[in-house]
Amino acid sequence: MDTPQAIDWEQQEFTEVRPGIFGSTIHTPQLTATLYRYGAGTSWEEHQHSQDQITQVLEGTIDFVVDGESVRLTAGQLATLPGGTPHSASVPTDGPAVTINVYTYREGPPSA
């Protein structure tokens, strides 16, 4: 994408990226944004990537483990993760969650 666009997430295709976690991704030359819809009780294993990441919780609750420390984020809160930071995420069993993740490009698009 090289021109401005208005994106309606409801019109985007979502793919199951982990069991019970669905994502839709938009790329620009400098950024990647992914909207994730997490089912209750779902999780994303620990991983890291070279890109900086910002995760904004739009709905529900996400329990992050960031560089070995637990952080609970609720709707309206966000986390900033420098590239190379190990992290994982899980959603409590009492409800789904929705996040928007924005990544910088450093060495290509993020893998997770």
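Miscellaneous remarks
- Counted by Cβ distance under 14 Å from Ser70, the other residues give a net charge of -3, where Lys and Arg count +1 and Asp and Glu count -1.
- Relative exposure of Asp52, Asp94, judged by other C-beta atoms within 10 Å (fewest first): Asp94, Asp52
- Amide hydrogen proximity for Thr42: with H placed 1.01 Å from N in the peptide plane, the residues at 5 or more positions away or on another chain lying under 5 Å are Val91.
- FRET efficiency, Thr80 to Gln12 (Cβ-Cβ, R0 22 Å, nearest 0.05): 0.35
- Only the Cβ atoms of Lys and Arg (+1) and of Asp and Glu (-1) were treated as charged; on that basis the dipole of the stretch 15-104 about its Cα centre amounts to roughly 220 debye.
- Computed FRET value (nearest 0.05) for Gln5 with Thr104, which takes r as the C-beta separation and R₀ as 25 Å: 0.85
- Percentage, to the nearest whole number, of Cα pairs in the chain over 18 Å apart: 48 percent
- Hypothetical label at Arg72: residues of the stretch 46-64 whose amide nitrogen lies under 14 Å (7 Å Cα-Cβ projection): 60-64
- For the stretch 75-80, Karplus couplings with θ = phi - 60° (6.51, -1.76, 1.60), whole Hz, Gly/Pro x: 3, x, 9, 9, 10, 10
- Relative contact order (%) - the stretch 15-104, alpha-carbon pairs under 8 angstrom, separation at least six: 38 percent
Where a number appears in this text, it was derived from the coordinates with a stated rule and is not lab data. These figures come from a predicted structure and were not determined experimentally. In this analysis, Cβ positions are derived from the backbone assuming ideal geometry, glycine residues included, and neighbour counts consider all displayed protein chains.
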